Amino acid sequence: MNRINPIQIIALIVVLFLFFSFKLSDAKEELVEEKDSYKKTSQIAIKLDALKSTYKDKTKTLKKLNKILNYPLVKKAEVTKDVKSSKVVLEAESINKQSLNYLMGKLLNNTFNISSLNIKKLDEKTASIKVEIKW
Amino acid sequence: MFSKFDNKIDTIFLDIESNNFNTTDKVNIILSPSLYWVKKIKLPVKSVREVKPLLKSIFEDILPDGVYSYDVYKSYDDFFVFAYEDKKILELIEQKGLNPSQVNHIYFAQSELANISGAMKINKTQSIYVKDGIVVLLPCCWIKESGQLHLGDLKLSKNHIDIKQYNHIVDEKTLYTLLGVSMLFTFLVLFEYIITVKNVDKITKMKDEVFQTYSLKPTMMQNKSMLKQYEKINTKQTNLRTYIASVLSLKLPTDVTLTLLKSNSKKLTALFNGVDKKAYSSIKKQFKDKHIDLSTSLKNDTLSVEFKL
């Protein structure tokens, strides 16, 4: 007698086929989710990295600031720089128009995180300035 | 018709006229000539393997309608070819009180009883007899029997057959084709499953690498919250620059001067001195044209403009 029944083997294979089909369907769903998650994670990581290096980098911020403050027009205005743990304060009690224009132009055109700003006109040619930059 | 073959397995002779077999032990079955068709032929081939493809054509036009299986064995120069109906044999086995799972091997009377001398009685009405090398079934009265058939003394050959239980529903070829196709599909699905799982692992590893490369926080919730915080800073800084640019680009009347520009984390304030109603309207209009959201207040001749960052 045929001990192994081919129909039973076919039934077993069909069951296996269905089992793996369900597993495959689950795995494909997982793959789509994982791809989506990877894409989102990459996008967040790139944005976060760019914003961090723009606003959170102390060394980079100070380097750029020093370059601006060392410009002769600004140096002449005697702008003080007070570096603290999470911020730097630039202050000049009296700064002339040209120096102020140059300084503000540079500060605003760079990606500094200006947390507070105070420019007060003293007379037609001078003003006082206090700028706080955070990182 | 039931006798001991050896210590373990009994041998029985199966015929339509056989009595019921009351046993639950394993048995070997010898098929009566009434349950198969046999031909003794000489063919210009040497091996049984070469004869097998010809079996169906050998019995063509001889067999009544039915689903047949075929078998062959060689004895000296002759080939003994057989045709039998699996379903008919299977039904008879069950009809005679046996379970198909009890059956060890099934043999043809031709292969096992070709050496008997004279006629042997197999039941009350029938005998078997060998004529020209072929085992035939005869009614008892046609020939004088030399005795009763004793299967206990018989040494069985290797020429046994397999009964296919579903041969009458689907032929063997179709069955194996189905089996092959279903296996192929199952393997394809299994293969695709393995590939997909590997891809999932690969992407998971790539994601981990992103976490390491960009020194991200362990959870996405923390990272999203950080990103939101930085985006808020970025928006404020962009707004600050836009509003300062809009203040500095104002066309102010001759007597009006900008005296103060002040900002904190929430707002930017600009103070203008020497502002009369006409100048106030002009300044307001210029901001309106730039679609900038602001609040203004005029006290004496001092105009305060506030921008929300």
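The values are calculated or read from the model by the stated rules, or taken from the named source; none is laboratory data. Here the structure is a predicted model, which is why all the values come from computation and not from measurement. Here the Cβ positions follow ideal geometry from the backbone for every residue, glycine too, while neighbour counts run over all protein chains shown.
Residues in region A:40-51: is at least one out of contact with any strand residue (DSSP E or B) (no Cβ under 8 Å at 6 or more places or on another chain) and part of a loop (DSSP other than H, G, I, E, B)? Please lay out each step first, then the result.
Initial filter on region A:40-51 (out of contact with any strand residue (DSSP E or B) (no Cβ under 8 Å at 6 or more places or on another chain)): A:40-51.
Those left that are additionally part of a loop (DSSP other than H, G, I, E, B): none.
Looking for residues that are out of contact with any strand residue (DSSP E or B) (no Cβ under 8 Å at 6 or more places or on another chain) and part of a loop (DSSP other than H, G, I, E, B), one finds none in region A:40-51, hence no.
Search region A:52-67 for residues being without any contact (Cβ under 8 Å) to a residue 60 or more places away in the chain and out of contact with any strand residue (DSSP E or B) (no Cβ under 9 Å at 6 or more places or on another chain), and hand back the single one that is surrounded by the fewest Cβ atoms within 10 Å (Cβ to Cβ). Walk me through it before giving the result.
Restricting attention to region A:52-67, the residues satisfying the condition of being without any contact (Cβ under 8 Å) to a residue 60 or more places away in the chain are A:52-54, A:59-60, A:62-64, A:66-67.
After this cut, where a residue has to be out of contact with any strand residue (DSSP E or B) (no Cβ under 9 Å at 6 or more places or on another chain) as well, the list is A:52-53, A:59-60, A:63-64, A:67.
On the way: A:52: 16, A:53: 11, A:59: 8, A:60: 14, A:63: 10, A:64: 17, A:67: 11.
So the residue we want is A:59.
Can you name the residue in region A:1-33 that is in contact with an Asp or Glu (Cβ under 9 Å, 6 or more places away or on another chain) and not hydrophobic (A, V, I, L, M, F, W, C) and is also nearest to residue B:160 (Cα to Cα) among such residues?
Only one residue tops the list, namely A:2.
For region B:270-303, name all the residues that are over 16 Å from residue B:253 (Cβ atoms), touching a Phe, Trp or Tyr at 6+ places or on another chain (Cβ under 8 Å) and either in a strand (DSSP E or B) or at pLDDT 90 or above (or both).
B:294, the sole residue that qualifies.
Please enumerate the residues belonging to region A:68-88 that are small (Gly, Ala, Ser), touching a strand residue (DSSP E or B) at 6+ places or on another chain (Cβ under 7 Å) and over 14 Å from residue A:99 (Cβ atoms). Steps first, answer last, please.
From region A:68-88, those small (Gly, Ala, Ser) are A:77, A:85-86; that's our starting set.
In the following step, the residues that additionally are touching a strand residue (DSSP E or B) at 6+ places or on another chain (Cβ under 7 Å) were identified as A:77, A:86.
If the condition is that a residue be small (Gly, Ala, Ser), touching a strand residue (DSSP E or B) at 6+ places or on another chain (Cβ under 7 Å) and over 14 Å from residue A:99 (Cβ atoms), then A:86 is the only one that fits.
Across region B:210-220, which residue is nearest to the other protein chains (Cβ to nearest Cβ) among those that are of a type outside the set (A, V, I, L, M, F, W, C) and either surrounded by 11 or more Cβ atoms within 10 Å (Cβ to Cβ) or under 13 Å from residue A:49 (Cβ atoms) (or both)? Before you say what the answer is, go through the steps one by one.
Step one: list which residues in region B:210-220 are of a type outside the set (A, V, I, L, M, F, W, C), which gives B:212-215, B:217-219.
Among the residues that remain, those that are also either surrounded by 11 or more Cβ atoms within 10 Å (Cβ to Cβ) or under 13 Å from residue A:49 (Cβ atoms) (or both) are: B:212-215, B:217.
Numbers: B:212: 10, B:213: 7, B:214: 4, B:215: 9, B:217: 9 Å.
The qualifying residue nearest to the other protein chains (Cβ to nearest Cβ) is B:214.
Looking at this structure, is residue B:101 in a loop (DSSP other than H, G, I, E, B) and either surrounded by fewer than 16 Cβ atoms within 10 Å (Cβ to Cβ) or aliphatic (A, V, I, L, M) (or both)? Full working, then the answer.
Details: in a loop (DSSP other than H, G, I, E, B): no; either surrounded by fewer than 16 Cβ atoms within 10 Å (Cβ to Cβ) or aliphatic (A, V, I, L, M) (or both): yes.
No.
Could you figure out which of (1) within 37 Å of the chain's Cα centre (by Cα); (2) closer than 21 Å to residue B:90 by Cβ isn't true of residue B:63?
(1)
Residue by residue through region B:60-81, note down the ones that are assigned to a loop (DSSP other than H, G, I, E, B) and either surrounded by fewer than 17 Cβ atoms within 10 Å (Cβ to Cβ) or touching a residue at least 40 places away in the same chain (Cβ under 8 Å) (or both). Full working, then the answer.
Looking only at region B:60-81, we keep the residues that are assigned to a loop (DSSP other than H, G, I, E, B), and these are B:60-68, B:76-77.
Result: B:60, B:61, B:62, B:63, B:64, B:65, B:66, B:67, B:76, B:77.
What are the residues in region B:126-142 that are in a strand (DSSP E or B) and either touching a residue at least 40 places away in the same chain (Cβ under 8 Å) or among the small types (Gly, Ala, Ser) (or both), if any?
Pass one, region B:126-142, residues in a strand (DSSP E or B): B:126-131, B:134-139.
Across region B:126-142, the qualifying residues are B:126, B:127, B:128, B:134, B:135, B:136, B:137.
What residue, among those in region A:40-57 that are of a type in the set (Gly, Ala, Ser) and within 26 Å of residue A:114 (Cβ to Cβ), is farthest from the other protein chains (Cβ to nearest Cβ)? Reasoning before the result, please.
Our first condition is that a residue be of a type in the set (Gly, Ala, Ser); within region A:40-57, this holds for A:42, A:45, A:50, A:53.
Next, from what is left, pick out any that are within 26 Å of residue A:114 (Cβ to Cβ): A:50, A:53.
Numbers: A:50: 9, A:53: 10 Å.
Checked region A:40-57; the qualifying residue farthest from the other protein chains (Cβ to nearest Cβ) is A:53.
Quick check on my filter: what residues within region A:104-131 are more than 20 Å from the chain's Cα centre (by Cα), over 18 Å from residue B:270 (Cβ atoms) and either of a type in the set (Ser, Thr, Tyr) or surrounded by 15 or more Cβ atoms within 10 Å (Cβ to Cβ) (or both)?
Correct list: A:106, A:126.
From the list B:234, B:223, which residue is closer than 19 Å to residue A:39 by Cβ, surrounded by 15 or more Cβ atoms within 10 Å (Cβ to Cβ), facing another protein chain (nearest Cβ under 9 Å) and not aromatic (Phe, Trp, Tyr)?
The conditions single out B:223.
Within region A:105-135, can you find the residues that are without any contact (Cβ under 8 Å) to a residue 24 or more places away in the chain and either in a helix (DSSP H, G or I) or over 19 Å from residue B:241 (Cβ atoms) (or both)? Even if it seems obvious, please write down each step before you answer.
Keep residues of region A:105-135 that are without any contact (Cβ under 8 Å) to a residue 24 or more places away in the chain, which gives A:105, A:108-109, A:114, A:116-121, A:123-124.
If the condition is that a residue be without any contact (Cβ under 8 Å) to a residue 24 or more places away in the chain and either in a helix (DSSP H, G or I) or over 19 Å from residue B:241 (Cβ atoms) (or both), then A:105, A:108, A:109, A:120, A:121, A:123, A:124 are the ones that fit.
When both residues are 6+ apart or on different chains and their Cβ atoms are under 7 Å apart, which pairs have a first residue that lies in region B:183-202 and is under 10 Å from residue A:23 (Cα atoms), and a second that is polar (S, T, N, Q) and part of a helix (DSSP H, G or I)?
B:189/A:21
I need the full set of residues from region B:11-44 which are surrounded by 12 or more Cβ atoms within 10 Å (Cβ to Cβ) and free of Cβ contacts under 8 Å to residues at least 60 places away in the same chain, in order please.
Scanning region B:11-44 gives B:35, B:37, B:39, B:41, B:43.
Take the residues in region B:105-125 that are among the β-branched types (Val, Ile, Thr) and not in a strand (DSSP E or B); name whichever of them is surrounded by the fewest Cβ atoms within 10 Å (Cβ to Cβ). If you could, list the steps in order and put the result at the bottom.
First pass over region B:105-125, keeping only residues among the β-branched types (Val, Ile, Thr): B:106, B:116, B:122, B:125.
With the extra rule that they be not in a strand (DSSP E or B), the set shrinks to B:116, B:122, B:125.
On the way: B:116: 17, B:122: 26, B:125: 11.
Looking at residues that are among the β-branched types (Val, Ile, Thr) and not in a strand (DSSP E or B), I get B:125.
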